[in-house]
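Below is one structure, written out as structure tokens; the observations come after it.
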Amino acid sequence: MNCYLGIDIGSISTKGVMIDEDGNILSSVYLNTDGSPIEASRKVLKQLSIPEDCAIRGIGTTGSARKIIGLMLNANVIKNEITAHAVGTIHLYPEVRTIIEIGGQDSKIILIRNGVVTDYAMNTLCAAGTGSFLSSQAKRLGVGVEEFGDIAHASNTPVKIAARCTVFAESDLVHKAQIGYTKNDIIAGLCRSIVLNYLNNVCKGKKLEEPIVFQGGVSKNRGVHKYFEEILGKKVIALENGHLMGAYGVALLAKKKSDGRVYKNNLLDIKFVTNGSECHDCSNNCELVRIYKDDKLIDTWGSKCGKY
Amino acid sequence: MGSYDVAVYYFLSHVLKNEIIRPREITSATLELGSKYSPDFVCTPFKYTLGTMIEALEDGADTLIQLGGGCRYGYYHELQAKILEDLGYHCQVINLISGGNPISVRELFHNSSFQIKKKSFLKYAFLTKKMVFYMDKMDSYIRVNRCYEKEKGSFNKLRKQMLLEFSKAKSSFGLRKIYHKYLKKMKKLPRRKVERRIRVGLIGELYTLMEPFANFEVEQLLNDYGFEVKRYTDVTYLLFQKKKKVKQYLKHFFIKYRIGADALDNIYHTKELCEMGYDGIIHMKSSFCTPEIGAMPIIEQVAKEYDVPVLFLSMDMNTSETGFLTRMEAFCDMLEMRRKK
């Protein structure tokens, strides 16, 4: 049996998907990156439990650490997350016209017409309105971020919270708690502020046409989902595998670009070490990353002059 | 800025008896040095030029020439001179263009720190103008053709040789000859054949567009993807054509008055690129560039009417190259997918 792997190494979580020749998901993994993409992808590979009789004919990587993991696994496709998300979603849901994607550090909108990406936008410098904002506020309130969605969903009177910037939102939140709002209404307000922030900062006047698909880690939050529908006045579909779409999309791309080679099943045995340093040979002071595979230097990144 | 130092050095070294110090190439150290002594919220060109100024002073310069321009750029020199004075440097900063108008040649002649060779002044002013003209012409040719090169770097190599020969040219005829010689060589370079041409327009704020270090070499990147690039903004346009063109734009355009720096030009160029059937537009500016911030919503609206995607990028010293590359990659993928349909 042939199979293809897709790995999405994000800032907060790492996702892995194994698909068969027809694009069906055979198994999937979702775990925390914990600041170490190499370790996380090893764990993903282990937990995917690839059967012995399976021939891996393609590997794709995406997400912010796509390059380094792609090099480690010798991937045949290394794609940015925007393209990967679009490809995965279009495959599962061909009529889609708008994709809302909110992840750990970034949020994006992808507009699709007739199965082709026609426009996209991504949040700029600020992480307000993303998953990491929610999880840091959850910590402050002493509530698990997983429970956020249900609590927010139950509340009928969300507090108004300034949504423009994380720091303002946080001080607003403290203020609202101190003048006596209940925790549940504040959590609902937070989820609502995510939606407002997204619409103001990322969409910026782009037209959201139905069908709208909502994905990324935050799509698991029922509260945010509810407020999207409420504020837009449109139906928003949260896919069951919404958090896996990037990995799924890049697995599909790996299948499409498969060049006939078969990967060995001992992917986990590779010794892979990286090591950072600074070069002081000129005033550029490049930050270099040296990459060793099986104790052999295979590449050096970050050099501006091409010396390495 | 870009390769224009070749032309500026050529001019100054022939016209002045003073010793000319060539500024160092812009590196991360330049930007770091400039940002250290600049207000945080000033536009990035201020930081680049201040960094270069300090480096030049360290190398022994005592008079600095700042070009200036039609926006805040026109007031840079005053603040920069003050900052340099506070840092303990003794120097004179001369601004060439302020409030959109160049200072008079007579004023320059009367400046006691310059020892100008009056006889050669006109001749070399003319030659420098010609040189910049040929440089810009060659660069627009390269932007359109480099994406099809078979051997990577073949265009850049010829360009470098051409600039070297330019700096030794003695007459207008000589410049022309060199230009045509290299154009001929470039036309003969082996090229790949492609089924579909994809063309991208580059617009935005002038410094970020023209200095490859400030825009992460966006033109090379797009060319490497196999895309043709068109850029309106260059020195020939800004100094010699802009005035006339803007008058024409105002006559036939829905905007009836100037809205600062190059904002009007960029909106007009957006419309022109859309009408010429370009596949996508990339708008680049340094962070906090006020005229361009004003132009952005209008550019977005114009492009929407023609259904052409626009990517807005804002660059300064905190911009991460990874984030920039992700956005560029996605944009390029999107253009390819659109084309295939």
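If the condition is being assigned to a loop (DSSP other than H, G, I, E, B) and buried (at least 24 other Cβ atoms within 10 Å of the Cβ), then the stretch A:188-247 contributes A:Gly216, A:Asn221. In the stretch B:288-311, the qualifying residues are those that are free of Cβ contacts under 8 Å to residues at least 60 places away in the same chain and surrounded by 19 or more Cβ atoms within 10 Å (Cβ to Cβ), and the one that is farthest from the other protein chains (Cβ to nearest Cβ) is B:Ala295. Taking the stretch B:160-177 as the range and being assigned to a helix (DSSP H, G or I) and touching a residue at least 40 places away in the same chain (Cβ under 8 Å) as the test, the residues that pass are B:Leu163, B:Phe166, B:Ser172, B:Leu175, B:Arg176. When each of A:Gly189, A:Gly131, A:Gly142 is tested for being on the phi > 0 side of the Ramachandran plot, away from chain B (no Cβ under 14 Å) and not basic (Lys, Arg), the lone residue that passes is A:Gly142. Only one of the numbered conditions (1) farther than 21 Å from B:Glu292 by Cβ; (2) polar (S, T, N, Q); (3) under 20 Å from the mean Cα position of the chain (by Cα); (4) modelled with pLDDT of 85 or more is violated by B:Ser28, and that is (4). Tally time: how many residues in the stretch A:116-138 are at pLDDT 80 or above, among the aliphatic types (A, V, I, L, M) and under 27 Å from A:Ala152 (Cα atoms)? Number satisfying all stated conditions: 3. With respect to the conditions (1) in a helix (DSSP H, G or I); (2) in contact with a Phe, Trp or Tyr (Cβ under 8 Å, 6 or more places away or on another chain), A:Gly60 falls short on a single one, namely (1).
Residues considered: B:Leu122, B:Leu108, B:Leu183. Of these, the only one that is in contact with a strand residue (DSSP E or B) (Cβ under 8 Å, 6 or more places away or on another chain), free of Cβ contacts under 8 Å to residues at least 60 places away in the same chain and part of a helix (DSSP H, G or I) is B:Leu108. Just one of (1) over 14 Å from the mean Cα position of the chain (by Cα); (2) within 12 Å of another protein chain (Cβ to nearest Cβ); (3) surrounded by fewer than 21 Cβ atoms within 10 Å (Cβ to Cβ); (4) more than 22 Å from A:Lys256 (Cβ to Cβ) fails for A:Gln105. It is (1).
Restricting the stretch A:278-303 to residues that are surrounded by 13 or more Cβ atoms within 10 Å (Cβ to Cβ) and at positive phi, the residue that is nearest to the other protein chains (Cβ to nearest Cβ) is A:Asn285. Just one of the listed residues (B:Phe109, B:Phe133) is under 28 Å from B:Ser171 (Cβ atoms), surrounded by fewer than 14 Cβ atoms within 10 Å (Cβ to Cβ) and outside the structural domain of B:Ala261 (by TED's automatic domain parsing), namely B:Phe109. Taking the stretch B:186-213 as the range and being among the charged types (D, E, K, R) and either surrounded by 13 or more Cβ atoms within 10 Å (Cβ to Cβ) or part of a helix (DSSP H, G or I) (or both) as the test, the residues that pass are B:Lys187, B:Lys188, B:Arg191, B:Arg197, B:Arg199, B:Glu205, B:Glu211. Report yes if some residue within the stretch B:328-340 is within 14 Å of chain A (Cβ to nearest Cβ) and farther than 24 Å from B:Arg143 by Cβ; otherwise report no. Scanning the stretch B:328-340, I find no residue that is within 14 Å of chain A (Cβ to nearest Cβ) and farther than 24 Å from B:Arg143 by Cβ, so the answer is no.
Taking the numbered list (1) at pLDDT below 85; (2) away from every other protein chain (no Cβ under 14 Å); (3) over 15 Å from the mean Cα position of the chain (by Cα); (4) more than 23 Å from A:Pro211 (Cβ to Cβ) in turn, A:Asn24 passes all entries but (4). Kindly evaluate B:Lys242 against the criterion of being surrounded by 16 or more Cβ atoms within 10 Å (Cβ to Cβ) and either in the same structural domain as B:Gln161 (by TED's automatic domain parsing) or at pLDDT below 85 (or both). So B:Lys242 passes the test.
The values are calculated or read from the model by the stated rules, or taken from the named source; none is laboratory data. From a predicted model like this one, the values you see are computed outputs, not experimental measurements. Because the Cβ atoms are built from the backbone with ideal geometry, glycine has one as well, and the counts that use them run over all protein chains shown.
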